[in-house]
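The values are calculated or read from the model by the stated rules, or taken from the named source; none is laboratory data. Just so it is clear, the structure is predicted and the values come from calculations on it, not from any experiment. Cβ placement follows ideal geometry from the backbone for every residue including glycine, while neighbour counts extend to all protein chains displayed.
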Amino acid sequence: MRFDLLSLKLFVAVCEHRNISRAADAENIAASAISKRISLLEGMLNTSLFFRSNKGLELTPAAYALLHHARVILRDLDQMESELIDHAEGLRGQIRLAASLSTIVQYLATDIRDFLTMHPGLRIDLDEGLSQEVVRAVSENAADIGVFGGNALVAGLKVFPYHSDRLVVIMPPDHELSHAKTLKFAEVAEHDLVGPQPGSYLNSLVLRAAADLSHPLRLRIRVNGFEPARSMVEAKLGIALVPEHHAARYVTSGPLVSVPLDEDWAVRHWKICVRDAESLPAPVQLLINHLSSRREQSAE
């Protein structure tokens with residue numbers, strides 16, 4: 001079999017968009033041209049790549065297998081091109097990093113700054129997503145390194161510990177819980193709560209804790225991120241769980257107080273995942289080693 005690179009690139013675009021028209025717009029090519037190349041691929045492989053319905057396209061098992069290998073091939077070619085261009089310009093490599101927003105704000109911003117200071121010839125493409133999305137991106141070869149939390153499925157991936165943070169409760173100064181020294185989640189659950197984004201690491205912790213209490217949550221509103229949560233708390237729409245790193249800034253700059261959450265699960269553990277640490281390009285291995293060492297330094 002002989003695969004041409006453009007067909008593989010367009011195939012990946014169709015897989016990502018689940019729609020030929022949207023893939024055509026993204027790749028600036030006629031939809032009919034993509035359809036023809038997909039048909040040629042299916043003819044060459046003697047199998048269907050998509051289940052077609054009025055809801056869009058769904059990948060067949062063969063398509064998932066081809067998608068994995070196509071991404072590997074395109075990644076390696078992009079890496080080769082990037083490294084050759086970088087060498088010509090005095091640079092030396094590129095790393096694709098996917099991470100949870102919380103780790104970007106709390107840890108990765110400074111860790112990446114220090115890494116790039118030590119390795120000015122390297123570049124990092126950083127994508128933010130929910131922990132499950134991060135793990136999936138690494139598993140599907142859409143990212144070289146992932147930083148995630150919780151118990152997202154990591155089958156076939158190598159996992160390393162990264163950092164840990166602690167959750168606290170933020171609330172207005174006149175809230176009835178504001179004078180507590182610490183709070184159990186059972187006390188928090190009795191009040192209106194600004195809920196975290198569905199699918200997030202924090203949301204999974206909150207839902208599990210509520211299930212253990214057999215107590216329905218009073219979620220008046222859900223938000224995506226801790227800054228919106230802060231705004232909702234300041235507007236007195238409820239109280240919220242945030243990392244103490246964020247809470248320290250919020251309390252300093254606004255009319256809020258924070259109270260530690262006295263639960264074992266209030267300490268969240270963040271992790272690093274890669275597909276195969278031994279076979280990854282040297283720049284990726286450098287960043288893995290750097291992030292792992294930063295975790296060790298913070299624990300001293």
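Worth a mention:
- Restricting Ala62, Ala23 to residues that are outside the structural domain of Glu140 (by TED's automatic domain parsing) and more than 17 Å from Asp4 (Cβ to Cβ) narrows the list to Ala62.
- Of the residues making up segment 152-160, not a single one is surrounded by fewer than 14 Cβ atoms within 10 Å (Cβ to Cβ) and in the same structural domain as Thr252 (by TED's automatic domain parsing).
- Restricting the first member to segment 1-17 and to residues that are at pLDDT 90 or above, and the second to residues that are part of a helix (DSSP H, G or I) and among the hydroxyl-bearing types (Ser, Thr, Tyr), the beta-carbon pairs closer than 9 Å and six or more apart or on different chains are Cys15/Tyr64.
- Consider segment 234-250 and keep the residues that are of a type in the set (Gly, Ala, Ser) and within 23 Å of Asp192 (Cβ to Cβ). The one that is surrounded by the fewest Cβ atoms within 10 Å (Cβ to Cβ) is Ala235.
- Cβ-Cβ contacts under 8 Å between residues 6 or more apart (or on different chains), taken from a first residue in segment 224-251 that is touching a residue at least 60 places away in the same chain (Cβ under 8 Å) to a second residue that is assigned to a loop (DSSP other than H, G, I, E, B) and of a type in the set (S, T, N, Q), are listed as Gly225/Gln197.
- Which numbered condition Asn224 fails, given (1) surrounded by fewer than 15 Cβ atoms within 10 Å (Cβ to Cβ); (2) part of a strand (DSSP E or B): (2)
- Tally, over segment 251-275, of residues that are within 14 Å of His175 (Cβ to Cβ) and surrounded by 14 or more Cβ atoms within 10 Å (Cβ to Cβ): 5
- Which listed residue is farther than 29 Å from Thr252 by Cβ, touching a Phe, Trp or Tyr at 6+ places or on another chain (Cβ under 8 Å) and surrounded by 20 or more Cβ atoms within 10 Å (Cβ to Cβ), from Val134, Val138, Val147: Val134
- Sub-6 Å Cβ pairs linking a first residue in segment 253-266 that is in the same structural domain as Ala186 (by TED's automatic domain parsing) and in contact (Cβ under 8 Å) with a residue 24 or more places away in the chain to a second residue that is assigned to a loop (DSSP other than H, G, I, E, B) and surrounded by 16 or more Cβ atoms within 10 Å (Cβ to Cβ), at least 6 apart or interchain, are Val257/Ser178; Val259/Ala180, ordered by first then second residue.
- Search result, residues across segment 31-47 that are out of contact with any helix residue (DSSP H, G or I) (no Cβ under 6 Å at 6 or more places or on another chain) and assigned to a loop (DSSP other than H, G, I, E, B): Asn46
- Failed criterion for Ala98 (all others in (1) outside any loop (DSSP other than H, G, I, E, B); (2) surrounded by fewer than 21 Cβ atoms within 10 Å (Cβ to Cβ); (3) of a type in the set (A, V, I, L, M) hold): (2)
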